[in-house]
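A single structure is presented below for examination.
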Amino acid sequence: MDIFRAAVIGCGNISSVHFDALKKNNKCVIAAVCDIIKERADKKASEYNAKAFYNIDDMLEWNQFDVLHICTPHYLHFPMAVSAMNKGKHVLCEKPPAIKYHDAVKMSECAAENKVHLGVCFQNRYNAQSVYIKSIIDSWELGDVKAVKGIVTWDRRDNYFNSDDWHGTLDKEGGGVAINQALHTIDLMQWFAGSDIESVKATISRKRFRGKIETEDTADAVFEFKNGVTAMFFGSLCFAENSPVFLEIICEKGKIVMYDELNIYRNGKEKETVTFKKASGEKSYWGSSHKLLIDDFYGALSEGRKFSIDGSEGSKAVKIVNAIYDDAENNNVINGG
Ligand SMILES: NC(=O)c1ccc[n+]([C@@H]2O[C@H](COP(=O)([O-])OP(=O)(O)OC[C@H]3O[C@@H](n4cnc5c(N)ncnc54)[C@H](O)[C@@H]3O)[C@@H](O)[C@H]2O)c1
């Protein structure tokens with residue numbers, strides 16, 4: 001069996017989840033770590049017995065790895081992924097794959113040209129609830145999907161935006177709640193709708209962080225997909241806690257409602273309530289499926305099969321978010337200073 005040599009770039013918050021999953025995966029070893037903050041790279045290097053780098057060029061020149069995990073701020077995903085893939089490395093990139101949809105498309109093309117795998121961390125597709133919902137939709141037992149609603153209301157405070165140089169900035173984060181915290185929900189909405197986006201009408205605004213950040217803390221949108229499914233989305237960082245994501249899927253013969261539990265309403269029948277084991281840990285509202293996604297990515301590499309959330313699949317939510325920002329900007333609906 002092939003053992004893949006993994007490198008992780010960006011040793012901040014989310015990297016711990018990648019390191020943990022890599023450590024437990026017998027298809028790979030952690031060969032290298034990289035961060036511009038030397039202490040962060042050194043700490044992870046000593047923890048995982050890996051080589052430390054402080055910039056990507058040195059790590060790419062060293063070249064002794066097969067897979068790059070990109071856990072850096074958003075604006076770095078595209079250039080880092082392209083540099084690594086052009087060196088023949090497989091890439092597993094944190095969401096979003098790129099800030100701009102056209103760059104996400106170029107990333108897919110770059111993966112194809114170099115015959116490498118590109119995966120995007122939309123781990124919530126692996127949550128038991130998501131898998132169950134998708135299986136009901138695909139089985140057609142509720143008929144066609146007609147409409148989808150997604151609501152994300154989380155709690156972010158000043159310290160979140162003051163703790164680094166990229167959150168809340170347009171050039172580095174590329175947007176706020178829509179491209180960052182709620183992107184998983186937008187991805188699930190389009191996955192369940194099962195079609196490419198046709199049109200988006202949206203509003204973005206700053207409320208709690210008016211005058212403090214450049215990006216939006218609140219966004220709402222109405223989507224239409226090419227297959228006729230309509231959708232409503234609301235996301236905000238101005239609530240008092242990180243509530244569970246609310247998803248509602250209206251179908252021809254019933255509906256599916258996910259909040260704390262999952263309820264399936266089949267016309268004329270009693271509702272089915274499914275409860276799933278809660279994700280453990282402080283950040284349980286992220287979902288706990290990174291390990292499942294990372295294991296599947298390495299499974300795809302070793303079996304030579306397609307990874308399901310590849311560059312093309314991973315760019316669909318970015319296309320919607322770009323349309324949200326375009327519509328909000330073109331209609332001059334952003335408000336707040
Ligand atoms: N999938 C999820 O549920 C999830 C959850 C949280 C964050 N994320 C994503 O993970 C990514 C990182 O988020 P985070 O919260 O870990 O951020 P973070 O700020 O905690 O970590 C980013 C790290 O990248 C390093 N870095 C910055 N520039 C670099 C460079 N040029 N070269 C090497 N290292 C560099 C920083 O020093 C920092 O250690 C983002 O894309 C974010 O959206 C995903």
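Just give me the residues in region 105-116 being in a helix (DSSP H, G or I) and either in contact with a helix residue (DSSP H, G or I) (Cβ under 7 Å, 6 or more places away or on another chain) or open to solvent by 50 Å² or more (accessible area, probe 1.4 Å) (or both), in sequence order.
K106, M107, S108, E109, C110, A111, A112, E113, N114
Only residues that are over 25 Å from the mean Cα position of the chain (by Cα) and more than 12 Å from the ligand (Cβ to nearest atom): list them for region 43-87, please.
A45, S46, E47, Y48, N49, A50, K51, E61, W62, N63, Q64
A further question follows. Yes or no: region 95-108 includes at least one residue that is within 23 Å of D295 (Cβ to Cβ), in contact with a strand residue (DSSP E or B) (Cβ under 7 Å, 6 or more places away or on another chain) and away from the ligand (no atom under 11 Å from the Cβ). Before you say what the answer is, go through the steps one by one.
Start the filter on region 95-108 by keeping residues that are within 23 Å of D295 (Cβ to Cβ), which leaves 95-97, 107-108.
Now restrict to residues that are in contact with a strand residue (DSSP E or B) (Cβ under 7 Å, 6 or more places away or on another chain): 95, 97, 107-108.
Then keep just the ones that are away from the ligand (no atom under 11 Å from the Cβ); that gives 107-108.
Within region 95-108, one or more residues are within 23 Å of D295 (Cβ to Cβ), in contact with a strand residue (DSSP E or B) (Cβ under 7 Å, 6 or more places away or on another chain) and away from the ligand (no atom under 11 Å from the Cβ).
What is the number of the single condition among (1) open to solvent by 20 Å² or more (accessible area, probe 1.4 Å); (2) closer than 30 Å to W140 by Cβ; (3) out of contact with any Leu (no Cβ under 6 Å at 6 or more places or on another chain) that K253 does not meet?
Evaluating K253 over (1) open to solvent by 20 Å² or more (accessible area, probe 1.4 Å); (2) closer than 30 Å to W140 by Cβ; (3) out of contact with any Leu (no Cβ under 6 Å at 6 or more places or on another chain) leaves (3) as the failure.
In the list H90, H102, which residue meets the criterion of being open to solvent by 10 Å² or more (accessible area, probe 1.4 Å) and in contact with a His (Cβ under 8 Å, 6 or more places away or on another chain)?
Working: H102 fails: in contact with a His (Cβ under 8 Å, 6 or more places away or on another chain).
Residue meeting the stated conditions: H90.
Something else: Residues that are away from the ligand (no atom under 15 Å from the Cβ): find the helices (runs of 4 or more DSSP H) completely inside region 117-199 holding 2 or more of those.
Values: elements: 128-139, 158-162, 183-193.
By residue number, 128-139, 183-193.
Still on this structure, please answer the following. If you go through region 179-231 one residue at a time, how many are among the aromatic types (F, W, Y) and touching a residue at least 60 places away in the same chain (Cβ under 8 Å)? Full working, then the answer.
Of the residues in region 179-231, the ones among the aromatic types (F, W, Y) are 191-192, 209, 223, 225.
Then drop every residue that is not touching a residue at least 60 places away in the same chain (Cβ under 8 Å), which leaves 191, 223.
Here the count works out to 2.
The values are calculated or read from the model by the stated rules, or taken from the named source; none is laboratory data. Bear in mind that the values here come from a model prediction, so they are computed numbers and not experimental data. As a convention, Cβ positions derive from the backbone with ideal geometry for all residues, glycine included, and neighbour counts pool all protein chains shown. Side chains included, ligands, DNA and RNA excluded: accessible areas come from the protein's heavy atoms. Shrake-Rupley method; radii C 1.70, N 1.55, O 1.52, S 1.80 Å.
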